[in-house]
Amino acid sequence: MKIKTLIHTAFVAEARLIINELKLVCKERIPYNIYIDKDKDIVLIISGIGEENTKKALKYAQEFFTPETFINFGIAGCVDKNIEIGSLFCTNVKNLEIKFATISSHKDIVTNRANIKTTLVDMESETFLQNTPKDAKKYVFKVVSDHLNNEVLPKDKINSLIQKSLKEWIKYAR
């Protein structure tokens with residue numbers, strides 16, 4: 001099915017406000033949570049954390065949907081303590097109305113900034129970019145959630161961070 005946008009998140013806490021904002025309805029829960037809007041233009045898939053989950057979820061979604069635009073959205077750790085928690089960045093496209101930052105993906109939570117050469121770190125963005133069509137329009141939007149302090153954020157804190165940035169990037173999905 002041809003659609004306008006496929007949005008990928010790693011977990012439900014990242015997706016909840018997007019689902020509400022776009023008035024998405026759950027289409028299926030197994031093997032992945034998939035939500036779709038009433039016009040069948042926008043689909044959201046929740047993969048689970050990490051490279052392998054992202055790869056499998058994107059493969060699954062692309063068996064059923066042919067999007068014009070792919071968006072990866074989620075939280076990311078930040079190496080630079082001068083960058084405010086809750087700041088929104090696009091990590092793969094410059095010259096948007098959204099600030100640009102570099103990002104690297106890692107298999108485990110990063111707590112040591114010594115060998116990190118990027119501003120942001122996450123667990124999915126590189127796999128997302130590698131497992132979507134090369135010629136497709138793609139965006140990776142990340143909200144700074146921490147400064148590599150190895151804490152698990154409560155869902156309400158994640159919601160609060162995402163709430164602030166939602167209006168800035170959601171227009172790229174519409």
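Structure notes:
- Sequence-distant contacts, meaning Cα pairs under 8 Å at least 6 residues apart, place the relative contact order of the chain at 28 percent.
- Extension gain for the segment GLU97 to ASP80, taken as residue separation times 0.36 nm less the Cα-Cα distance, is 4.0 nm to one decimal.
- Whole-Å distance, taken between Cα centres, linking region 50-76 and region 128-148: 10 Å
- Between ILE49 and ASP135, the contour length at 0.36 nm per residue exceeds the alpha carbon distance by 28.4 nm.
- Lysines with Cα under 17 Å of LYS155, excluding same-chain neighbours fewer than 8 positions away: LYS142, LYS164
- Selection among VAL43, THR54, SER160 by position relative to the dipole of the chain gives VAL43 as farthest towards the positive end (Cβ unit charges, Cα centre).
- About the Cα centre, charge dipole magnitude for the chain (Lys/Arg +1, Asp/Glu -1 at Cβ), debye: 360 debye
- Subset of LYS56/LYS81; LYS55/LYS107; LYS99/LYS157; LYS2/LYS55; LYS56/LYS99; LYS38/LYS137 violating a 25 Å alpha-carbon distance limit: LYS56/LYS81; LYS56/LYS99
- Considering only ASN33, ASN92, PRO133, and ranking their Cα positions along the charge dipole of region 2-172 that arises from unit charges at the beta-carbon of Lys, Arg, Asp and Glu, the one farthest toward the positive end is PRO133.
We did not get these values from a lab; they are worked out from the coordinates using the rules stated. Since this is a predicted model, take the numbers as computed values, not measurements. Cβ coordinates were reconstructed from backbone atoms using ideal geometry, including for glycine residues, and neighbour counts include every protein chain displayed.
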